[in-house]
Amino acid sequence: MGEAGDQRDTLDAQTVRTAWDVLGGKKQKSRLARLMPFLGPAFIASVAYVDPGNFATNIQGGSKFGYMLIWVILASNLMAMLIQTLSAKLGIATGMNLAEHCRAHLPKPVVISMWVLMEIVAMATDLAEFLGAALGFYLLLGVPLFAGAVLTAIATFLILGLERYGFLRLEAVISAMVGVIALCYLIETIIDRPNLTEIAYCAFVPRFSGRESVLLAAGILGATVMPHAIFLHSALMQGRIVVRDKARLRRLLHFEIADVVIAMGIASFVNAAMLIMAAATFHRTGLTEIATIEEAYRTLEPLLGRAAKWVFGLSLLVAGLSSSTVGTSAGQVIMQGFLRRHIPVWVRRLVTMAPSLVVIAAGLDPTRTLVISQVLLSFGLPFAVVPLVMFTRRRDIMGELVNRGLTTVVASVIAGLIIVLNLYLVYQTLTPG
């Protein structure tokens with residue numbers, strides 16, 4: 001079958017034709033028109049970078065330490081841009097996703113162990129997303145958390161159901177949700193009038209202040225660079241636009257890098273704006289113990305006005321719903337890739353809901369649970385990043401799109417930093433005093 005005929009049923013025919021015209025050098029009306037057929041996959045992946053886990057870690061980080069940890073957010077998002085680019089490149093070059101490569105190239109016991117770990121990570125991810133959306137319903141509508149959880153499940157099923165009408169519709173809805181979250185935090189940033197000079201200083205001067213700041217930094221990292229997003233992005237690209245010749249491969253990669261930079265740039269702004277809002281609103285006024293999302297929501301009105309409170313609640317709800325939808329899709333990719341097993345989406349959705357419902361029924365603190373879930377995610381990161389670097393550096397796998405030496409070095413350093421930060425977190429947590 002020819003290249004154009006190898007497309008999977010992820011894009012409509014018109015989008016595929018336009019993409020092929022662009023890759024073939026045919027001029028378009030504008031640069032945006034050239035870019036549009038390639039936008040989307042990184043926006044789907046970027047939802048994982050603005051999920052409710054980010055709300056929990058960023059609000060606690062900003063309220064307790066002011067702008068100090070903003071450098072962690074910026075560094076994490078720069079890491080994310082490189083990692084997601086490698087993930088997209090793996091799918092483009094090989095037509096296989098990361099989980100499938102793990103199954104094909106690693107020993108079976110390692111594959112089974114990685115699958116179990118990634119399923120635990122997926123459940124931790126879903127815990128944050130599901131809890132966040134339930135909290136959003138609770139804060140905006142005043143319904144009990146359990147009722148909010150039920151509404152979240154229903155809404156997620158409805159959003160996932162859009163895929164039967166074409167993947168572009170689901171992609172458009174998720175991208176629009178990312179836009180809503182970004183708009184909400186643009187409004188929040190304007191309202192809270194942050195100290196721009198201090199923000200600039202803290203963005204480029206790395207520092208910590210005790211073990212709690214290290215815990216939150218690990219949580220921010222876990223909430224920003226997400227293991228399941230790495231697996232999902234490679235799957236989104238593996239059959240989206242299939243090309244074989246070198247020139248078109250390079251052009252396709254350049255367009256997908258642009259997709260990553262734009263999507264992750266928006267995610268970086270949202271994450272930074274979350275912490276800035278907490279620092280400018282709570283830390284600056286001496287409210288350093290805003291430890292929960294609910295407290296942040298209630299405190300915003302007397303400090304910034306009613307509009308700020310409702311904008312915050314809306315952004316939390318949209319983040320929870322969109323990321324929960326994407327998390328379910330990532331779970332499908334992980335199971336199918338590692339085990340060649342596929343279960344109905346509604347079954348996976350019900351299974352991954354269980355921990356969230358247990359947390360809600362047990363009356364555990366949702367925000368603290370969110371923070372701990374993000375720390376757990378940071379421990380799962382090396383098991384996604386290390387194989388990704390291993391595979392993308394191999395010419396026999398990647399062909400023309402194999403990593404350059406510098407790219408492999410930088411990606412390896414990122415993997416090392418993640419591992420070191422997690423080890424330091426364990427040391428700080430277990431050391432008394």
**Prompt:** When the range 128-145 is examined, which residues are found to be closer than 27 Å to residue 227 by Cβ and either among the polar types (S, T, N, Q) or surrounded by fewer than 24 Cβ atoms within 10 Å (Cβ to Cβ) (or both)?
**Reply:** 145
**Asked** Restricting attention to the range 358-371, and to residues there that are surrounded by fewer than 19 Cβ atoms within 10 Å (Cβ to Cβ) and assigned to a helix (DSSP H, G or I), which single residue is modelled with the lowest pLDDT?
**Response** 368
**Item:** Residue match in the range 63-76 (condition: touching a Cys at 6+ places or on another chain (Cβ under 9 Å), surrounded by fewer than 24 Cβ atoms within 10 Å (Cβ to Cβ) and of a type outside the set (Phe, Trp, Tyr))
**Value:** yes
**Complete:** The residue that is surrounded by the most Cβ atoms within 10 Å (Cβ to Cβ), considering only those in the range 211-244 that are hydroxyl-bearing (Ser, Thr, Tyr) and farther than 13 Å from residue 373 by Cα, is 234
**Fill in**
Reported set for the range 188-204 where residues are part of a helix (DSSP H, G or I) and at pLDDT below 85 is 188, 189, 190, 191, 192
**Total residues in the range 173-194, condition surrounded by fewer than 20 Cβ atoms within 10 Å (Cβ to Cβ), of a type in the set (A, V, I, L, M, F, W, C) and either under 11 Å from residue 311 (Cβ atoms) or touching an Asp or Glu at 6+ places or on another chain (Cβ under 6 Å) (or both)** = 6
**Asked** Which of (1) in contact with a helix residue (DSSP H, G or I) (Cβ under 7 Å, 6 or more places away or on another chain); (2) modelled with pLDDT of 85 or more; (3) not β-branched (Val, Ile, Thr) is the odd one out, the single condition residue 265 does not satisfy?
**Response** (1)
**From 337, 327, 313, residue being modelled with pLDDT of 85 or more and either closer than 29 Å to residue 71 by Cβ or in a helix (DSSP H, G or I) (or both)** = 337
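A quick yes/no check of all residues on (1) closer than 18 Å to residue 329 by Cα; (2) at pLDDT 80 or above:
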{"position": "125", "(1), (2)": "yes, no"}
{"position": "129", "(1), (2)": "yes, no"}
{"position": "136", "(1), (2)": "no, yes"}
{"position": "150", "(1), (2)": "no, yes"}
{"position": "155", "(1), (2)": "yes, yes"}
{"position": "167", "(1), (2)": "yes, no"}
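Conditions tested, residue by residue: (1) within 30 Å of residue 208 (Cβ to Cβ); (2) of a type outside the set (A, V, I, L, M, F, W, C); (3) surrounded by 23 or more Cβ atoms within 10 Å (Cβ to Cβ).
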residue	(1), (2), (3)
47	yes, no, yes
84	yes, yes, yes
88	no, no, yes
94	no, yes, no
106	no, no, no
**Asked** What are the residues in the range 205-222 that are outside any loop (DSSP other than H, G, I, E, B) and of a type in the set (A, V, I, L, M, F, W, C), if any?
**Response** 214, 215, 216, 217, 218, 220, 221
**Residue check, residue 400 surrounded by fewer than 22 Cβ atoms within 10 Å (Cβ to Cβ) and at pLDDT below 75** = no
**Prompt:** Of the residues that sit in the range 280-310 and are among the hydrophobic types (A, V, I, L, M, F, W, C) and surrounded by 20 or more Cβ atoms within 10 Å (Cβ to Cβ), which one is modelled with the highest pLDDT?
**Reply:** 280
**Prompt:** Being crowded, with 24+ Cβ neighbours inside 10 Å and at negative phi, is that true of even one residue in the range 162-172?
**Reply:** no
**Item:** Any pair with Cβ under 7 angstrom, 6 or more apart, that starts in the range 244-258 at a residue that is on the phi < 0 side of the Ramachandran plot and ends at one that is of a type in the set (Lys, Arg)
**Value:** 253/89
**Asked** Just checking, how many residues over the range 16-71 are at pLDDT 80 or above, of a type in the set (Phe, Trp, Tyr), assigned to a helix (DSSP H, G or I) and more than 22 Å from residue 88 (Cβ to Cβ)?
**Response** 2
**Request:** List the number of the failed condition for residue 109; all other conditions in (1) assigned to a helix (DSSP H, G or I); (2) modelled with pLDDT of 90 or more; (3) touching a helix residue (DSSP H, G or I) at 6+ places or on another chain (Cβ under 9 Å); (4) not polar (S, T, N, Q) hold.
**Result:** (3)
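The values are calculated or read from the model by the stated rules, or taken from the named source; none is laboratory data. Source: prediction; values computed, not measured. Because the Cβ atoms are built from the backbone with ideal geometry, glycine has one as well, and the counts that use them run over all protein chains shown.
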